[in-house]
Every structure is written in structure tokens, then in C-alpha cells.
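Enquirer: Here it is: the structure, laid out below.
Just so you know, all these numbers are worked out from the coordinates, no wet-lab data involved. These numbers come from a predicted model, not from an experiment. FYI the Cβ positions are ideal-geometry reconstructions off the backbone, even for glycines, and counts take in every protein chain you see.
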Amino acid sequence: MAMFVKIWGGRGSLPSPLTPEAVQIRIQNIVEGFLNSGHKDKAEVQAYLNTLPFWKWAGFGGNTSCIEVKTPEQQIIVDAGSGIRLLGYELLKGPCGHGKGEVHILFTHFHWDHVLGLPFFVPIFIPGNKIHVYAVQQDLKAMFQTVFQKPFFPVALQNIGAQIIYHQLEPRKTVEFSNIHVTPYQLDHPDPCWGYKFEHVGKIFSYCVDTECTRMSREKLGVDLPLYQGVDLMLFDAQYTLLETIDKINWGHAAASIGLDLAMREGIKRVRFIHHDPASSDEKIATAEAETRRYYENQLKTSRQRGIKVYEVDWSFAYEGMCLEV
């Protein structure tokens, strides 16, 4: 039985929807490209779109951090950025829509881009639903009290409808969710931030966003090294290009090349890069991916020339709506 990971929000810092002008330019470019390629029949539109890179017509998405980890027996949500709003609508089709649902939400940390979707997560307003929330940080309940109060939101926490059940996690201690085992490990971020390692029937998924990865060696990673070991799939922070990380030291975010260095050393099989900068256009993200491809190929070549053992990695930049099987 497989474990599936779906990205409901993959932007960092704040939501970044396309402007009407950007949408107009995108449509114009696609139509012009379609006609310039000699196509005329509308039946050929989908075939033409399939020849384009996905981002050129669909983009990488604009909602902030929220992912879903799911098996046939269990569902876990990680972070409640703006992406959780659409996930909430999906949950309404099941027991959550009838006040009989049970939801589990893990939080990496409480910066706005990871919690701003909570007041728009409809299942939380339906009496009868049970919303289990988890974090290593001690101020989990205080965060909810802040989000659900005036002047930030008109509905007070005690009036939201669903029952909120708070769980404090212990660092690096595994918790069982039915057939999924989850362990929190610390990331490198200005405020304490925790990544999660999910284990299910011999498969491992690691969620590593909001990390600058200032600890790179095995020695410096120390007790947090297991987050990157034996991993089949990793989601990793790629908010900046490598050059931008030099200008933004201590901002708490990384570049894809940093994640690749870890993956190539530790043998991580697949990596998908998320937490894209809200100031980055889809074109800029695609350019960063191309630059990372050159970096990766160069690292493979030079490492082998020097006799250094590194692993090949299946990697790409992720987009909103992407669903991955582990």
C-alpha cells in the first residue's frame, strides 16, 4: 500500500496569485505560439499544450505551504498556509462535511505563511468535527488564540464549531498515526522550525521546508541527520537561487543546489523543490531550475573525476497540485 503526497501550497512567505496582466500575457503567448506552429483546429489545442513545459501554461502555483500525506487508512496535513483552503473544500465531500470528520494537522512552525489558511479551512467551523493539531513548539494553543480573535478574524476560537485537540510533540520522538510513523527533526530557521520524517511500510518521505541548511556536514547535523537518511522522497526548500542565498544569510531559506548536495551525499532517491519565493515569476523559477540542472550535472561529473562517491537523484521543481507516490 503506497503513501501519497499532494502539494496544496508550494509558495513561501505569502500568497502570490498571477495578476490579470500576467494572465493576459500568458494567454497571448500561448495563442500566438499555437498559431505560429501552424495549428488552426481547436482539437489540436491540448496536443499543443502538451508540447510546452508545464509551467508555461499552468505555472507553479501561488498558495502558501500546505501538503497532504495519505494512505488508504490515514491522512495527515502538514502546515496550514493558504493552500489548506482548497483542501478543506475537498474534505467537505467526506465525513468532515457532516460533522463526523477527524483531521490531523502537523505544524513546522507558526510564521504567517504556514498558518494564514486556518480561518478559511471550513471543516474547522463544523460542529462535530475533531481537529487534532500537533507541534513541537509549546505555544501551539496561543497561536490559535491569536489567529482566531479580533481584529485579525471575527470568529473567536471558542466559537469556531469543531473541537480542537492540542498535541505537543517531543523532538526526535516518533509518533504513530495508524500505519504512518512520524518523527520531527529540527531545521535551520530563525525561529525554531521542525521538519518531519514519515515512514510507511518500508518507504520514507521527509518534509524539509523553511530551512537554510546551515548545518551541512553529518557531524553538524548530528541528531537531526536521520531526517535525510534512507529517504525515498524529500520536499526541500528552494526559495532562493544560490546567488540570492549569499545576500539573504539568516533569512532561513535555501537554494535547490544545497538540497541536491545533501541528496547526492545521503542517497535520497527523489527530491521535489518547493517554497518558491513570492517575488519569483514562473519564468524565474524555471530559470532557477535550469541553473540547478547545470549545477547538478557539474557536481556529478567533478565528483566522479575526483573519485568521490555521490548518488544520482531524480529531482525537479514542484508545482501546486502535484501528487507524488512514495
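Enquirer: Just name the residue that is surrounded by the most Cβ atoms within 10 Å (Cβ to Cβ) out of those in region 42-63 that are within 23 Å of H276 (Cα to Cα) and free of Cβ contacts under 8 Å to residues at least 60 places away in the same chain. Walk me through how you get there before you give the answer.
Expert: Quick first cut of region 42-63, residues within 23 Å of H276 (Cα to Cα) only: 52-63.
Filter again for free of Cβ contacts under 8 Å to residues at least 60 places away in the same chain, leaving 52, 57.
On the way: L52: 14, W57: 16.
Taking the candidates together, the pick is W57.
Enquirer: Mind checking whether some residue in region 253-273 is exposed (fewer than 15 other Cβ atoms within 10 Å of the Cβ), among the aliphatic types (A, V, I, L, M) and without any contact (Cβ under 8 Å) to a residue 40 or more places away in the chain? I'd like the intermediate steps shown before the answer.
Expert: Looking only at region 253-273, we keep the residues that are exposed (fewer than 15 other Cβ atoms within 10 Å of the Cβ), and these are none.
So far as region 253-273 goes, no, none of its residues is exposed (fewer than 15 other Cβ atoms within 10 Å of the Cβ), among the aliphatic types (A, V, I, L, M) and without any contact (Cβ under 8 Å) to a residue 40 or more places away in the chain.
Enquirer: Could you check region 204-225 and list, in sequence order, the residues that are in contact (Cβ under 8 Å) with a residue 24 or more places away in the chain, buried (at least 17 other Cβ atoms within 10 Å of the Cβ) and either farther than 23 Å from I285 by Cβ or acidic (D, E) (or both)? Step through it out loud before you land on a result.
Expert: Applying the first criterion (in contact (Cβ under 8 Å) with a residue 24 or more places away in the chain) to region 204-225 yields 204-216, 223-224.
Of the ones still in play, those that are also buried (at least 17 other Cβ atoms within 10 Å of the Cβ) are 204-213, 224.
Matches in region 204-225: I204, D210, E212, D224.
Enquirer: Sticking with this one: Which one of these is over 17 Å from the mean Cα position of the chain (by Cα) and among the small types (G, A, S): G99, G88?
Expert: Exactly one residue qualifies, and that residue is G99.
Yes/no per residue for (1) part of a loop (DSSP other than H, G, I, E, B); (2) of a type outside the set (D, E, K, R):
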| position | (1), (2) |
| --- | --- |
| L18 | yes, yes |
| H39 | yes, yes |
| A47 | no, yes |
| T51 | yes, yes |
| K100 | yes, no |
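Enquirer: Oh, and also: Inspect region 64-80 for any residue being of a type in the set (D, E, K, R) and assigned to a loop (DSSP other than H, G, I, E, B) and give the result as yes or no.
Expert: In the first step, residues of region 64-80 are kept if they are of a type in the set (D, E, K, R); the result is 68, 70, 73, 79.
Then keep just the ones that are assigned to a loop (DSSP other than H, G, I, E, B); that gives 73, 79.
The answer is yes; a qualifying residue exists.
Enquirer: Let me ask you something else. Pick from region 297-318 the residues that are among the hydroxyl-bearing types (S, T, Y) and in contact with an Asp or Glu (Cβ under 9 Å, 6 or more places away or on another chain): which of them is surrounded by the fewest Cβ atoms within 10 Å (Cβ to Cβ)?
Expert: Here is the first cut: in region 297-318, the ones among the hydroxyl-bearing types (S, T, Y) are 302-303, 311, 316.
Those left that are additionally in contact with an Asp or Glu (Cβ under 9 Å, 6 or more places away or on another chain): 311, 316.
Values: Y311: 13, S316: 15.
Taking the candidates together, the pick is Y311.
Enquirer: Here are P127, P119: which of them is buried (at least 16 other Cβ atoms within 10 Å of the Cβ) and either touching a residue at least 12 places away in the same chain (Cβ under 8 Å) or not in a loop (DSSP other than H, G, I, E, B) (or both)?
Expert: None of the others qualify; the one that does is P119.
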